[in-house]
Amino acid sequence: MDDLAERQRKLLDRTYMNLVARRRQNFRHKGDHCEHFESRNFARNMRMINVHFAFVNRVNTKILGGVTMSFELAEAQLLKRGVKLEEIAKIVYKLQLPYHDDLTVEQCYDSVKAVLQKREVQYTLFTGIALDELAEQKLLPEPLQSIMEADEPLYGVDETMALGITSVFGMIGLTSFGYLDKVKPDLIGKLNNQGDHIHVYLDDLVAGLAAAASARIAHKSQKATNYSKG
């Protein structure tokens, strides 16, 4: 795992520098000084994000002989923002323990991993994390930049995006997500109150992951009533 991450990082760094070199060639030169290649234009930044994700997919395929490892990439994105899957699993455990006396944190961890294996969940994470990071770098257009910095209470796009994760295992996860979004226990509250970072999307995405993993356990429960024709 560590060896894979290191190879990914080196390939990403090398390709990024190649992209920078190509972009520099497209700018006007004044004497010995080149115009700064970093742009605050939102559309250009979003195009660069798309290039980054497309390249990441190619890197994963190259490293693993055609086997896409988006799960590892998604987990790495979460780790970069201070989120461990084990912490999400602990939230799932607290949600489901009242209904499953024999439940273990390990089972909850496996459920979180299962949710994160789904490609639509990974894409949602990539998008939300990218927007949080762009806001931290003050690269979003106004008024969105100010809305993100203030974590505007009426800005519900973050919850809407997280519901896309929650519904992966049915609407049963909706009530759990509503509870987590309101109470913000453990890691979710920590992310929501971390003033030196912008986690407008991340706290809700983590809640969505936990709610979906919780719903998955509920659906797989042996105690669930099995209705059959009489």
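What follows is calculated from the coordinates using simple rules that are stated; it is not laboratory data. Bear in mind that the values here come from a model prediction, so they are computed numbers and not experimental data. Counting neighbours? That spans all protein chains shown, and the Cβs are built from the backbone with ideal geometry, glycine included.
Using the Karplus relation 6.51 cos²θ - 1.76 cosθ + 1.60 with θ = phi - 60°, the per-residue 3J(HN,Hα) values for region 107-113 come to 5, 5, 4, 5, 5, 4, 4 Hz, with x marking Gly and Pro. Note on region 82-220: lysine pairs with Cα distance below 22 Å, sequence gap of 8 or more or different chains, count 22. Here the extension length gained between residue 84 and residue 160 equals 25.1 nm, from 0.36 nm per residue of separation less the Cα-Cα distance. Seen from residue 114, the other residues with C-beta closer than 14 Å to its C-beta sum to a net charge of +1, counting Lys and Arg as +1 and Asp and Glu as -1. The simple spin-label model puts a point 7 Å past each Cα toward its Cβ; for residue 127 and residue 94 those points are separated by 2.9 nm. Note on 102, 158: ascending count of other Cβ atoms within 10 Å places them as 102, 158, the fewest first. Spin-label model, residue 138/residue 219: points 7 Å from Cα along the beta carbon direction are separated by 4.5 nm.
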